[in-house]
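The values are calculated or read from the model by the stated rules, or taken from the named source; none is laboratory data. Fair warning: this is a prediction, and the values are worked out from it, not measured in the lab. Cβ placement follows ideal geometry from the backbone for every residue including glycine, while neighbour counts extend to all protein chains displayed.
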There are 4 protein chains.
Amino acid sequence: MRRIDNFKSIIDQYNIIFFDAFGVIKNYKGLVPGIERTFEYLKQQNKEFYIVTNDASRSPSQLASSYHKLGLTAITHDRIVSSGMLTKEYLDLKVNDGIVAYLGTEDSAHYIESSGLHPLPVSQIDQSNIDKVNALIFLDDEGFNWCDDLNKAVNILRKRTIPVIVANTDNAYPVTIHDVSIAIGGLANMIENIVGKEFIRFGKPDSQVFMFAYDLIRDHRAVSKKEIVMVGDTLHTDILGGNKFGLDTVLVLSGNTQPIDAETRMTATGIVPTYVCDSAVIDLGGFDF
Amino acid sequence: MRRIDNFKSIIDQYNIIFFDAFGVIKNYKGLVPGIERTFEYLKQQNKEFYIVTNDASRSPSQLASSYHKLGLTAITHDRIVSSGMLTKEYLDLKVNDGIVAYLGTEDSAHYIESSGLHPLPVSQIDQSNIDKVNALIFLDDEGFNWCDDLNKAVNILRKRTIPVIVANTDNAYPVTIHDVSIAIGGLANMIENIVGKEFIRFGKPDSQVFMFAYDLIRDHRAVSKKEIVMVGDTLHTDILGGNKFGLDTVLVLSGNTQPIDAETRMTATGIVPTYVCDSAVIDLGGFDF
Amino acid sequence: MRRIDNFKSIIDQYNIIFFDAFGVIKNYKGLVPGIERTFEYLKQQNKEFYIVTNDASRSPSQLASSYHKLGLTAITHDRIVSSGMLTKEYLDLKVNDGIVAYLGTEDSAHYIESSGLHPLPVSQIDQSNIDKVNALIFLDDEGFNWCDDLNKAVNILRKRTIPVIVANTDNAYPVTIHDVSIAIGGLANMIENIVGKEFIRFGKPDSQVFMFAYDLIRDHRAVSKKEIVMVGDTLHTDILGGNKFGLDTVLVLSGNTQPIDAETRMTATGIVPTYVCDSAVIDLGGFDF
Amino acid sequence: MRRIDNFKSIIDQYNIIFFDAFGVIKNYKGLVPGIERTFEYLKQQNKEFYIVTNDASRSPSQLASSYHKLGLTAITHDRIVSSGMLTKEYLDLKVNDGIVAYLGTEDSAHYIESSGLHPLPVSQIDQSNIDKVNALIFLDDEGFNWCDDLNKAVNILRKRTIPVIVANTDNAYPVTIHDVSIAIGGLANMIENIVGKEFIRFGKPDSQVFMFAYDLIRDHRAVSKKEIVMVGDTLHTDILGGNKFGLDTVLVLSGNTQPIDAETRMTATGIVPTYVCDSAVIDLGGFDF
């Protein structure tokens, strides 16, 4: 049986911490209890941190303010790297003009708008504008009618040879202690199988999102990957992606991976973190402080 | 370039004809024009025929009466073998009691009812009855709210270890000359990937539906597979399945496979029919009669 | 925790028993100790039985005589249904003449020869005879040079659009208590992915092999699927296939599925047998007799 | 029909050119005729270039000297970015000590040795040293016995939970005008399916190899992705990967993609380059100079 490591003594060894959001900092009920102490400690110790998330449903500013409302003010918008930001970068570099059709909420369309392109929900694409559609983006599982708009997305892609971006690679996400919801990544996989085309995916475990965060650090100082540790609750996104990018990794058991399954799933998948911790919460008042 | 065979001279060589329905006998506009002549000829020549279909949306009687309304009275309910009938046989043999949850129209639930079991739409499963659910069936893409009920199906399968039947293996089906709609088989593939369990699929290309039709013949007379030819418009269901079951096969170009693509797709997939015809329509008044 | 059933009281309820071979009757060391008592009991009770196996490496006669050499004389060649026999039936019905190229031992080529066709190892296909090759069969993982002949198979399939049969769907098989060996089914999957064509697979869990055994019974008497139970050690072949064909199923823990894993694997895969037993061995001298 | 662009006028618009090797600069017969003129032109115009290749069979120095032997001296070792170099970086960052087992030639083991780790061919792993194996690397399809060593790799991975790196993601590569050979990426896919673990893949279309080349430039000067164009012959590696990384892309028709198929394959896959050219050869004496 693998031993459980102490989270505080781990982060003491690194200068920069990358955190996954869901299952690490927050869950379906709100903040993970006590997580604010972790960010106090990071501030006190002058550690740099980033939230590296597959959540493309809202802009970094909106994501940050959702933490502020919950009382966690340490996470500011410039600390958030989302797969939506990779989508914006792709559009900046590769799509010059025209309509970008999307599936998701109005909030998620922020990433398209900020590229200077014209976002239009899939539901509003018709004969009059389909020829101007230059990309289709899967942003979020909410904000559209699944039956009508998934069928419409299939038919747009049968008629137009355009790049398709999946801005969140997750298949499902927890909504209560017992239940999950199908995520936009799961819906996109279905459409990809049906139309037989190859989509572009941004988000962990793909390394481009890690590279984006890494470049934010390099913009202001030299850094080695050895200074960074990635903290996450999911083996095949956070841990696989972190490992592949060359980072040390911490699996926390406060989210997707249950304490009882952790060992079995590591052996079954071959995905092994550098450390395993109960959670990313630090007990500041404890005797080990 | 492969030559196009004459459909009439093909069926002259066989005693029994298996037809796919969609793309062969009917399409999104109604009957394939002239197809009634084919069934007149079969009657005149005393040939036996069966419709072997992945359509589990309605009972054989309802399917037959839909042909009658279009003026094709030759197709009676006892000539129809649907993947829904395999589902009913499975339930008869393997599920003794309790609730069978389903996704599909009320009509499609016929196959569950006729098994003497209690069908309940996925939308009506809750804490009070989930423990009595002994199977979940994907019957049809209509009759339910995709967002609510696909999510509910995922969560039922996370809580209950029960057999899951996909009664129609198609991923998509044509609804107009330009557009397709996602079929229940495509939705089921997504759910299977998300829950990570192995579903049971009935319908072409799986051989169990061909065996069902074959057994209907053997109930009243001895027969060899060499007497039967399978006619279909789709390489990877009708032709692959017919070939695998040991039947000679005819690809007709009146449905899913366009004349311009037929050759390329045969080479690409390695699925090769015994014959290729423009359609299953016979020109009775023509000079070749 | 699921209870372990008594194998003898199970078979008392059925008239016909289908057995998987490897992991049930024999293993890498020889016969499963005590299994001969099971066959004595079947004889004494006048139960009919068949060995339903994915082993296409040898003819039924050779397979039977391998049991005889181990001292188990009850298993005669007419009791064995192998995926190789399905391959022979396919060739009989669908390939009229020419060369059938194969990967496997000379013994495995029996199934091609008995079809009256000309078997030739893939290694002997060259410019002079490639145009006469009318099918390619994956029979066994032995009898050929993997590097040379797997590469040759890829290139034959790039040049010739012909049916490809995989006569054993297993990915791997145990060779010692600790080690497995890649089976021909695993090699065939790789080739299929590389050439992008659709192969035809015979063997459990596909229902055609169960149907073949079922038809052997129906040749001499009427039978219902309710009279038959399938006994196997592997969830995704024996149990999934048996369930799908409508049979009751017994998972035995003497082969691929370890007692410690059985529960977890049933929940994870959703494949659930009717019964679970330690092994297919009957204790004839025990007090429960 | 899509028009064919002029390669010279394309590279005139960019400061940095990334080239795929096989199918662009060389093929199974040697150099692509005339390609040396392209590199003369690049030198004359003071353009920076890198060879971005999935070839991990030899070190960059050995790869460079293979070009020199063919008369192309412009390609020096510091211009080559191979997927093997990513493997070395992974080992540097994530594997501290012990044995690294590999499949490939002795030359390919260079990437392990240069990490200061102890490379050992899979064939030399046995009971005495298996516990010291801390990673397994798929480097090249040559240099080992496929049957013995692929089976051994499977059994090592059943016993040891260690990272597995696939240093070349290609499934197959051309060896003559008519024939291909299975590449190490294809063999690795088979092993991954059999052991059910998740392997780490380096090489196009994954973005980490593009990032590696991009960082080489950034080490000596500021650069925008808009200054770079990726030139390749394969849609799903060079073009998909280049597009995803945010680069403009050129598909050349001198390798994997035939002129007759280019249009169809772009539509079928949805992978569309910025430009299409016959080859990467520049006609320096032509009137457009």
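A few comments on the model shown:
- Across the stretch A:252-266, the number of residues qualifying as in contact with an Asp or Glu (Cβ under 7 Å, 6 or more places away or on another chain) and either farther than 20 Å from A:Lys8 by Cβ or not in a loop (DSSP other than H, G, I, E, B) (or both) comes to 3.
- Residue match in the stretch D:212-231 (condition: within 13 Å of chain A (Cβ to nearest Cβ), out of contact with any strand residue (DSSP E or B) (no Cβ under 7 Å at 6 or more places or on another chain) and on the phi > 0 side of the Ramachandran plot): no
- Scoring B:Asp215 on the criteria (1) under 28 Å from B:Ile162 (Cβ atoms); (2) touching a residue at least 12 places away in the same chain (Cβ under 8 Å); (3) charged (D, E, K, R) leaves a single failure, condition (2).
- Lone unmet requirement of (1) farther than 24 Å from A:Gly241 by Cα; (2) in contact (Cβ under 8 Å) with a residue 12 or more places away in the chain for A:Ser66: (2)
- Candidate set from the stretch B:69-81 (those that are crowded, with 22+ Cβ neighbours inside 10 Å and in contact (Cβ under 8 Å) with a residue 40 or more places away in the chain); member that is nearest to B:Phe39 (Cα to Cα): B:Ile75
- Matching strands (runs of 3 or more DSSP E) fully within the stretch B:141-250 where at least 2 residues are over 30 Å from C:Thr267 (Cβ atoms): B:172-174, B:180-182, B:228-232
- Counted residues, the stretch D:239-265 - those being within 13 Å of another protein chain (Cβ to nearest Cβ) and either in contact with a Leu (Cβ under 7 Å, 6 or more places away or on another chain) or at pLDDT 95 or above (or both): 13
- Residue match in the stretch C:107-116 (condition: surrounded by 24 or more Cβ atoms within 10 Å (Cβ to Cβ), touching a residue at least 60 places away in the same chain (Cβ under 8 Å), in a helix (DSSP H, G or I) and more than 13 Å from chain B (Cβ to nearest Cβ)): no
- Residue, farthest from A:Leu235 (Cα to Cα), within the stretch A:139-162, restricted to residues that are within 11 Å of another protein chain (Cβ to nearest Cβ) and in contact with a Phe, Trp or Tyr (Cβ under 7 Å, 6 or more places away or on another chain): A:Cys147
- Residue match in the stretch A:10-28 (condition: at positive phi and within 12 Å of the chain's Cα centre (by Cα)): yes
- Per the conditions (1) buried (at least 22 other Cβ atoms within 10 Å of the Cβ); (2) touching a Leu at 6+ places or on another chain (Cβ under 9 Å), the sole criterion not satisfied by C:Asn129 is (1).
- The residues of the stretch D:38-64 that are assigned to a helix (DSSP H, G or I) and either buried (at least 16 other Cβ atoms within 10 Å of the Cβ) or modelled with pLDDT under 95 (or both), listed by number, are D:Thr38, D:Phe39, D:Tyr41, D:Leu42, D:Pro60, D:Leu63, D:Ala64.
- Looking across the stretch B:163-173 at every residue that is out of contact with any Ser or Thr (no Cβ under 8 Å at 6 or more places or on another chain) and more than 10 Å from chain A (Cβ to nearest Cβ), the one that is surrounded by the most Cβ atoms within 10 Å (Cβ to Cβ) is identified as B:Val166.
- Any hit, the stretch B:237-247, residues being touching a residue at least 24 places away in the same chain (Cβ under 8 Å), among the basic types (Lys, Arg) and either buried (at least 23 other Cβ atoms within 10 Å of the Cβ) or not assigned by TED's automatic domain parsing to the domain that holds B:Asn145 (or both): yes
- Of the residues making up the stretch B:98-134, those that are of a type in the set (S, T, N, Q) and within 20 Å of the chain's Cα centre (by Cα) are B:Thr105, B:Ser108, B:Ser114, B:Ser115.
- Of all residues making up the stretch A:82-98, the number that are buried (at least 21 other Cβ atoms within 10 Å of the Cβ) and of a type in the set (A, V, I, L, M, F, W, C): 3
- Scoring C:Leu136 on the criteria (1) out of contact with any Gly (no Cβ under 9 Å at 6 or more places or on another chain); (2) within 14 Å of chain D (Cβ to nearest Cβ) leaves a single failure, condition (2).
- Which numbered condition B:Ile271 misses (of (1) of a type in the set (Val, Ile, Thr); (2) at pLDDT 95 or above; (3) assigned to a loop (DSSP other than H, G, I, E, B); (4) closer than 20 Å to B:Phe39 by Cα): (4)
- Filter pass, A:Arg201 being under 17 Å from the mean Cα position of the chain (by Cα) and of a type in the set (Lys, Arg): yes
- Selection within the stretch A:90-106 - more than 13 Å from every other protein chain (Cβ to nearest Cβ) and in contact (Cβ under 8 Å) with a residue 40 or more places away in the chain: A:Ala101, A:Gly104, A:Thr105
- Take the conditions (1) buried (at least 21 other Cβ atoms within 10 Å of the Cβ); (2) away from chain C (no Cβ under 13 Å); (3) of a type outside the set (Val, Ile, Thr); B:Arg201 misses just one of them, which is (2).
For (1) aromatic (Phe, Trp, Tyr); (2) within 17 Å of the chain's Cα centre (by Cα); (3) closer than 23 Å to B:Leu251 by Cα, each residue gets a yes or a no:
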{"position": "B:Phe138", "(1), (2), (3)": "yes, yes, no"}
{"position": "B:Arg160", "(1), (2), (3)": "no, no, no"}
{"position": "B:Pro163", "(1), (2), (3)": "no, no, no"}
{"position": "B:Asp179", "(1), (2), (3)": "no, no, yes"}
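- Of the residues making up the stretch B:267-287, not a single one is within 16 Å of the chain's Cα centre (by Cα), at the interface with chain C (Cβ under 8 Å from one of its Cβ atoms) and surrounded by 14 or more Cβ atoms within 10 Å (Cβ to Cβ).
- When the residues of the stretch A:180-195 are filtered to those that are facing another protein chain (nearest Cβ under 7 Å) and farther than 15 Å from B:Ile182 by Cα, the one that is surrounded by the most Cβ atoms within 10 Å (Cβ to Cβ) is A:Ile182.
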